[in-house]
1. List, please: which pairs have Cβ atoms under 6 Å, are six or more places apart or on different chains, and start with a residue in region 31-47 that is within 16 Å of G118 (Cβ to Cβ) and end with one that is outside any loop (DSSP other than H, G, I, E, B) and basic (K, R)?
2. Residues being assigned to a helix (DSSP H, G or I), in contact with a helix residue (DSSP H, G or I) (Cβ under 7 Å, 6 or more places away or on another chain) and without any contact (Cβ under 8 Å) to a residue 40 or more places away in the chain: count how many of those fall in region 48-65.
3. How about region 6-17: which of its residues are in contact with a Gly (Cβ under 6 Å, 6 or more places away or on another chain) and assigned to a strand (DSSP E or B)?
4. Looking at A127, A138, A120 in this structure, which one is surrounded by fewer than 19 Cβ atoms within 10 Å (Cβ to Cβ), in contact (Cβ under 8 Å) with a residue 60 or more places away in the chain and under 16 Å from the mean Cα position of the chain (by Cα)?
5. Regarding region 18-38, can at least one residue be identified that is more than 16 Å from P123 (Cα to Cα), part of a loop (DSSP other than H, G, I, E, B) and in contact with a His (Cβ under 7 Å, 6 or more places away or on another chain)?
6. Examine region 109-130 for a residue that is farther than 26 Å from G7 by Cα and not in a helix (DSSP H, G or I), and state whether such a residue exists.
7. Here are some conditions: (1) closer than 24 Å to R57 by Cβ; (2) among the basic types (K, R); (3) part of a loop (DSSP other than H, G, I, E, B). K133 meets all but one. Which one does it not meet?
8. Would you check if there is a residue in region 66-85 being of a type outside the set (G, A, S), over 15 Å from the mean Cα position of the chain (by Cα) and on the phi > 0 side of the Ramachandran plot?
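Just so you know, all these numbers are worked out from the coordinates, no wet-lab data involved. If you're wondering where the values come from, they're calculated on a predicted model, not measured in any experiment. FYI the Cβ positions are ideal-geometry reconstructions off the backbone, even for glycines, and counts take in every protein chain you see.
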Amino acid sequence: MDELVCGVDEAGRGPIAGPVAAAAVILPPDFPIDVLADSKALSPSRRRRAATLIRERAVACAVGWATHDEIDALNIHRATLLAMGRAVEALPVKPDRILVDGLYCPATGIPSVAIVKGDATVPQIMAASIIAKTSRDAWMERYAEIEPSYGYERHKGYPTAEHRAIVRRLGPSRIQRRSFRVSPPS
């Protein structure tokens with residue numbers, strides 16, 4: 001039996017609003033890796049098509065979350081590791097090994113390796129990157145219907161000039177990360 005290798009990556013470390021999402025993905029050996037890339041390198045439509053294929057063909061796929069309140073309470077690093085651990089725990093199949101994008105691995109009790117820029121080189125991590133990004137973007141788009149004045153469907157909570165201006169004008173939304181600076185330093 002082939003070793004079950006799980007890729008793990010996150011989306012949402014940089015925004016000043018909303019949750020951080022992490023995905024854990026185990027791909028089958030025959031997965032068409034030509035559809036994969038770092039999620040940031042794909043157009044939104046290619047990301048969505050790849051995410052659909054990943055969800056249809058993956059051996060296992062799960063998403064874990066850490067809320068804006070957890071980010072404020074723990075800090076973004078620890079909240080990201082929490083979301084990653086939740087994604088791995090949610091897998092219906094236990095992997096033999098975990099490959100994580102970045103410098104740190106969540107505590108899962110499963111042998112894990114952190115790989116810097118793994119989201120650009122390791123197919124399982126690329127798949128996790130795509131699932132995390134499309135899941136978080138969809139969450140932010142749905143939330144935009146609750147607080148439409150903040151434009152979350154456009155900037156997804158990232159600290160764009162538009163987002164910063166809206167927060168200065170309206171005050172923080174209910175999902176604003178209070179521990180993150182809204183205005184850039186002078």
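1. Hits for this filter: S39/R47; S39/K133.
2. To start, the set of residues in region 48-65 that are assigned to a helix (DSSP H, G or I) comprises 48-57.
When the remaining residues are screened for being in contact with a helix residue (DSSP H, G or I) (Cβ under 7 Å, 6 or more places away or on another chain), the result is 48, 50-51, 53-54.
Checking the rest, the ones that are also without any contact (Cβ under 8 Å) to a residue 40 or more places away in the chain come to 53.
Selection size over region 48-65: 1.
3. The initial filter retains those residues of region 6-17 that are in contact with a Gly (Cβ under 6 Å, 6 or more places away or on another chain), namely 15, 17.
Correct list: A17 only.
4. Numbers: A127 fails: surrounded by fewer than 19 Cβ atoms within 10 Å (Cβ to Cβ); A138 fails: in contact (Cβ under 8 Å) with a residue 60 or more places away in the chain.
One residue alone meets the criteria, A120.
5. yes
6. Just the residues of region 109-130 that are farther than 26 Å from G7 by Cα, to begin with: none.
No, the conditions are met nowhere in region 109-130.
7. (3)
8. yes
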